[in-house]
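The values are calculated or read from the model by the stated rules, or taken from the named source; none is laboratory data. None of these values were measured; they are calculated from a predicted model. Every residue, glycine as well, gets a Cβ built from its backbone with ideal geometry; the counts of neighbours run over all protein chains shown. All accessible areas refer to the heavy atoms of the entire protein, side chains included, with ligands and DNA or RNA removed. Shrake-Rupley method; radii C 1.70, N 1.55, O 1.52, S 1.80 Å.
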Amino acid sequence: MPKMTPSEALVETLVSHAVTDVFGIVGSAYMDALDLFPTAGIRFIPTVHEQGAGHMADGYARVSGRHGVCIAQNGPGVTNFVTATAAAFWAHSPVVVITPETGSLGMGLGGFQETDQLPIFSKITKYQGHVNNPARMAEIAGRCLDLALLERGPTQLNIPRDYFYGEIDCTIPRPQPTARGPGAEESLDAAAELLSEAKFPVIVAGGGVIMSGGVEEAKALAEYLSAPVVNSYLHNDSFPADHPLWCGPLGYQGSKAGMKLIAEADVVLALGTRLGPFGTLPQHGLDYWPKNARIIQVDSDPRMLGLVRSISVGVCGDAKAAARALHHRLANRDVAARRNSAERAKIIAAAKKAWEEELAGWTHEQDAWSLEVAKDSKRMHPRQMLRELEQAMPRNAMVSTDIGNICSVSNSYLRFERPNSMFAAMSFGNCGYAFPTIIGAKVAQPQRPAIAYVGDGAWGMSFGEILTCVRENIAVTAVVFNNGQWGAEKKNQVDFYARRFEGVNLQNPSWAGLAKAMGAEGIEVTHLGEVGEALQRACDAQKAGRTTVLDVHVTQELGDPFRRDALKKPKRLLEKYRHTNVA
Ligand SMILES: Cc1ncc(C[n+]2csc(CCOP(=O)(O)OP(=O)(O)O)c2C)c(N)n1
Ligand SMILES: [Mg+2]
């Protein structure tokens, strides 16, 4: 075995796993390894904040299917990774979080930048590797890299900082194979049986379809069954939107066509989706989840099978391989859905047409608050603005979306023809996700237009990373929905707290001016007619290496709330608070 230092072992293991980019903020804890990055061919991308680095690793991983790697100083640098790691966990992103720790001889003494780093990440990682002896650096680093891909989620590589130094005998591990099979024979047989009997099958295409590279297989199966396909919540890129069987996303601010069709299903094939609770809640007043349908769920994580929704058949397998295996099994048998496909094609087309017409006419919100604030406003209606963006969107764009009212409403206006195009803040739902995430995606795929949709509140949390774009020549576009409020939360105060506004109004600087001061481009967009052109200009500027912030002025209208399900009308018992009993 060759002799090397643990720093060399770490860097060589990254190289053997094809890692070419690492996001982070410089720190003495790992400087000995960092010093080797340029020679190893690894680009280090310094960020403004470690949370940004974590989200960039996430975006990088999501668009490329490769590892996103981030590293930081022990203690505060590492704790700054927590939110981004939790977000990556729920986005199923293969992120490797490298966390140098207090030196092994000082741990427990309360020295500088000390905190126990394993418990902090224990619930938001798929695996935690702790280098308990410098000789095991490469072995444990390799395991973290392999398990991030195998288990589809973040792993932590925790390294006492004195363990970067020394001399070890070491073999550099090669990547383990990560291919998954289609699932157990019996489960696939049972699923094929149900599908063959189905008269109104509907497919839910989840993130697993994207992650497995299975869109073509899902398409072939859907076409064979003439089954409408809905996207699972925030995975609008799991099935091509220009396909006649595509019916749009389920979930919050999703497609009524998709919801109405799945409500009719006798068999649902949930392909590569955990059927998360938030993604299947009633929306638009429609309680669409089919209570009497038989549900087949395919997920590569056995713990997800039947967890949220009861199922008839669970297939623990890869979405792509399972779709192919099911298609193969159905090809040689009598399939009920092939006898009524013409009839269903009409139903599908009619549902889509009705929803498109409704959406086209839905230019602004109709509730009392929205009508009031929009009445004499010169600002744009958010929905009309979102339609303009949709129409101007370059065909191969990557779009990330934040958490907020307008970002949520954008769900109906984001359609993609290819996978790995939409990077929403998934179930962790943290404001400040979209901008750093699209920066990471752009590093992985610099030739594609990269666009972040961000509310002005969330923008305040994340705009600092403009500096990373400028310093590192990573050109992206941020569309900032400037409505002067933390709108999504204000909506709750409108609906549940008699408009007692507390902490929801925002005073903003000129976001365009701020962008310019930071070395980027900034455009103020105040009229509908300017929206498409501004987006095109910003995407063109990306080709010239320029980042642009579009400061888009919209009214304070608010779409349906996030959590109608989770809020209650106020009930006060103490006399001094009684006056707030009014909803
Ligand atoms: C990190 C974090 N803090 C707080 C929240 C609670 N929250 C959810 S949506 C929202 C408002 C978002 O406002 P903005 O970004 O301006 O978008 P808008 O709703 O106005 O479109 C807040 C504060 C959150 N989701 N994440
Ligand atoms: Mg806002």
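Worth pointing out:
- Annotation note: GluC sites (Glu not before Pro) in the stretch 380-456 located in DSSP loop regions with a Cβ neighbour count of at most 16 within 10 Å are 417.
- Each residue was assigned an accessible area with a 1.4 Å probe, and for residue 35 the value is about 110 Å².
- Counted charge near residue 530, where neighbours are those whose Cβ lies closer than 12 Å (Asp, Glu -1; Lys, Arg +1): -3
- Fraction of accessible area attributable to carbon and sulfur, the chain (%, probe 1.4 Å): 52
- Charged side chains reduced to their Cβ positions (Lys and Arg at +1, Asp and Glu at -1) give the chain a dipole of some 1260 debye around its Cα centre.
- When peptides 474-483, 130-139 are sorted by average Cβ neighbour count within 10 Å, with the highest value leading, the order is 474-483, 130-139.
- Alpha-carbon spread of the stretch 477-539, three principal axes, descending order, Å: 42, 26, 16
- Calculated [θ] (222 nm, deg cm²/dmol) that DSSP helices of n ≥ 4 give over the chain, each run adding -39,500 (n - 2.57): -11000 deg cm²/dmol
- Take 219-231, 299-311, 280-292 and order them by the average number of nearby Cβ atoms within 10 Å per residue, most first; the result is 219-231, 299-311, 280-292.
- Placing pseudo-labels 7 Å out from each Cα toward the beta carbon at residue 343 and residue 178 gives an inter-label distance of 4.5 nm.
- Residue 112/residue 505 FRET efficiency (R0 25 Å; Cβ-Cβ; nearest 0.05): 0.05
- Projected label distance in nm at residue 471 and residue 197, using a 7 Å step from Cα toward the beta-carbon: 6.2
- Using R0 = 30 Å, the C-beta based FRET efficiency linking residue 565 and residue 526 works out to 0.25.
- Near residue 233, the amide H atoms lying under 5 Å from its own belong to 250; only residues 5 or more places off or on other chains count, and H is placed 1.01 Å from N.
- Heavy-atom accessible surface of the chain, averaged per residue, reaches 40 Å², computed with a 1.4 Å probe.
- Using C-alpha pairs below 8 Å separated by at least 6 residues, the relative contact order for the stretch 398-532 is 22 percent.
- Computed over the Cα atoms of the stretch 95-190, the ratio of the radius of gyration to the Kirkwood radius (Rg/Rh) comes to 1.12.
- Computed extension gain for residue 580 through residue 171, at 0.36 nm per residue and net of the alpha carbon distance, reaches 140.5 nm.
- C-alpha center-to-center spacing [the stretch 195-273, the stretch 378-411] in angstrom: 23
- Nearest-0.05 FRET efficiency for residue 105 and residue 533, computed from C-beta distance (R0 56 Å): 0.35
- The listed residues 467, 195, 109, 574, once ranked by accessible area (1.4 Å probe) with the largest placed first, stand as 109, 574, 467, 195.
- D by Stokes-Einstein for the chain, Kirkwood Rh over Cα pairs, 10 °C, 1.306 mPa s: 63 µm²/s.
- Ordered by solvent-accessible area of protein heavy atoms (1.4 Å probe), largest first, the residues 403, 295 come out as 403, 295.
- Cubic angstrom per residue, convex hull over Cα atoms of the stretch 405-534: 134
- Overall, the ratio between the Cα radius of gyration of the stretch 194-234 and 2.2 N^0.38 Å, rounded to two decimals, is 1.16.
- Peptide packing: for 70-80, 38-48, the average count of neighbouring Cβ atoms within 10 Å per residue gives the ranking 70-80, 38-48, highest mean first.
- With Cα atoms as the point set, the stretch 206-299 shows a radius of gyration and Dmax of 12.0, 34 Å.
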